[in-house]
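The values are calculated or read from the model by the stated rules, or taken from the named source; none is laboratory data. Keep in mind the model is a prediction, meaning the values are calculated, not measured. Quick reminder, even Gly has a Cβ in these numbers, built from the backbone with ideal geometry, and neighbours come from all protein chains shown. Surface areas here come from the heavy atoms of the whole protein model, side chains and all, with no ligands, DNA or RNA. Shrake-Rupley method; radii C 1.70, N 1.55, O 1.52, S 1.80 Å.
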Amino acid sequence: MRIVLLGAPGSGKGTQAQRLIEKYGVPQISTGDLLRAAVAQGTPLGLHAKATMDAGRLVDDATMLGIIRERLDAPDTAAGFILDGFPRTIPQADGLTALLAAIHRPLEAVVLMAVDPDLLFKRLTGRRTCRACGRVFNVFTAPPPTPAPCEGQCVTPDLFQRPDDSEATIGKRLEVYESQTRPLADYYETRHLLARVDADGDIDVVTARLESALAALKQARH
Ligand code: AMP
């Protein structure tokens, strides 16, 4: 299963990717997570990317393609992968197509997760992550249990807000999505890889829609 989850920041790509890794047994590759880890570790990549990320802009295509090339080399991607947050530009999509063609592992599906733009703002401003276990909550729509535990791993969720989820940066990120990433829907539609999923609503309901969209694409390929 080699798929891309496409959608605006806050559309639920990460949450749904977590569900799919359990079902399909393939890793989620989140370029945002890879970059945040590099920032936290203070690596050269992290130092290069931090200011760009904090401003809500995109890290350059050459850097991103380098990250993906290296990640797809790892043996755990042999059975497939779920790309979350990559590609985000047409040059990234072209680079990915070429990379996967060279290793004879083309994409099987691209799912566009569609969410009402007014909802996105609320989802992003409300998003909080547990520093200890990485679990993501939303103070408006999915608050952490009170009192804790936060499902198994930590007794007291130690929540923080991503720096780029500040109100000032969210507007920029949504604008960048509209101008640079949304055109990828047409890119993949013309390649007969795209399914659109209504990503408003309950997480389980969206997972069910996603799974039936993937099944329909698979059937259409055969
Ligand atoms: P995300 O967690 O996917 O929202 O990504 C957080 C930030 O990381 C983005 O706002 C960008 O600054 C950077 N980033 C993540 N993925 C990419 C990508 N494919 N291309 C360029 N920048 C990226």
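Rundown of residues vs (1) in a helix (DSSP H, G or I); (2) open to solvent by less than 10 Å² (accessible area, probe 1.4 Å); (3) within 14 Å of the ligand (Cβ to nearest atom), yes/no style:
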{"residue": "A37", "(1), (2), (3)": "yes, no, yes"}
{"residue": "A51", "(1), (2), (3)": "yes, no, yes"}
{"residue": "L58", "(1), (2), (3)": "no, no, yes"}
{"residue": "A62", "(1), (2), (3)": "yes, no, yes"}
{"residue": "L65", "(1), (2), (3)": "yes, no, yes"}
{"residue": "D76", "(1), (2), (3)": "yes, no, no"}
{"residue": "I82", "(1), (2), (3)": "no, yes, yes"}
{"residue": "F86", "(1), (2), (3)": "no, yes, yes"}
Taking the condition of being assigned to a helix (DSSP H, G or I) and farther than 21 Å from T169 by Cα, how many residues in the range 24-35 meet it?
1
Mind checking which residues of the range 186-212 are in a helix (DSSP H, G or I), touching a strand residue (DSSP E or B) at 6+ places or on another chain (Cβ under 7 Å) and open to solvent by 70 Å² or more (accessible area, probe 1.4 Å)?
R209
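Assess whether P106 counts as being of a type outside the set (G, A, S), touching a strand residue (DSSP E or B) at 6+ places or on another chain (Cβ under 9 Å) and away from the ligand (no atom under 14 Å from the Cβ).
Judged against the criteria, P106 is a match.
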Quick one: which of R135, R173 is open to solvent by 40 Å² or more (accessible area, probe 1.4 Å) and either modelled with pLDDT of 95 or more or closer than 25 Å to T52 by Cα (or both)?
R135
Within the range 12-35, how many residues are at pLDDT below 95, open to solvent by less than 10 Å² (accessible area, probe 1.4 Å) and among the hydroxyl-bearing types (S, T, Y)?
0
